[in-house]
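Notes follow the structure.
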Amino acid sequence: MRDVRTTFTAPANRLTVARALAYGTLVVGVLDLTDALVFFGLRGARPIRIGQSIAAGLLGRAAFSGGWPTALLGVALHFVIALCIVATYGLLSRRLPLLTRAPIPCGIAEE
């Protein structure tokens, strides 16, 4: 009888670092943006204003007079920030094994 430990091979479709970063960025960005749209939408904010608010971090008050282009810039910036968060978590997880052993509780932040 063969020993399972000696015949097992790692799956060929393991995530590359780039793909893991892309998936992580997409998940974090979409969930956080959805949260912002719902939270502020229930308080009367329009979606364009939420995107412009993000862009205002780069453009200042001018973002609010830029229409949809600045709102879309805000969304793009939001995903750049999400990429930075995902990359930081990934780098820290190499030094702190707890981050990979318990990714859900460690990845959830209280706002």
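The values are calculated or read from the model by the stated rules, or taken from the named source; none is laboratory data. Worth saying up front: this structure is predicted, and the values here are computed from it rather than measured. Every residue, glycine as well, gets a Cβ built from its backbone with ideal geometry; the counts of neighbours run over all protein chains shown.
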**OP:** Tell me, please, whether a residue that is part of a helix (DSSP H, G or I), surrounded by 10 or more Cβ atoms within 10 Å (Cβ to Cβ), β-branched (Val, Ile, Thr) and modelled with pLDDT of 95 or more can be found in the range 92-109.
**Re:** no
Original post:
Somewhere in the range 89-106, is a residue under 19 Å from Arg49 (Cβ atoms) and within 15 Å of the chain's Cα centre (by Cα)?
Top reply: no
Original post:
Only one residue in Ile54, Ile104 is of a type outside the set (S, T, N, Q) and in contact (Cβ under 8 Å) with a residue 24 or more places away in the chain, so which one is that?
Top reply: Ile54
**OP:** Would you list the helices (runs of 4 or more DSSP H) that sit entirely within the range 1-81 and hold 2 or more residues that are modelled with pLDDT of 95 or more and surrounded by 15 or more Cβ atoms within 10 Å (Cβ to Cβ)?
**Re:** 17-41, 47-59
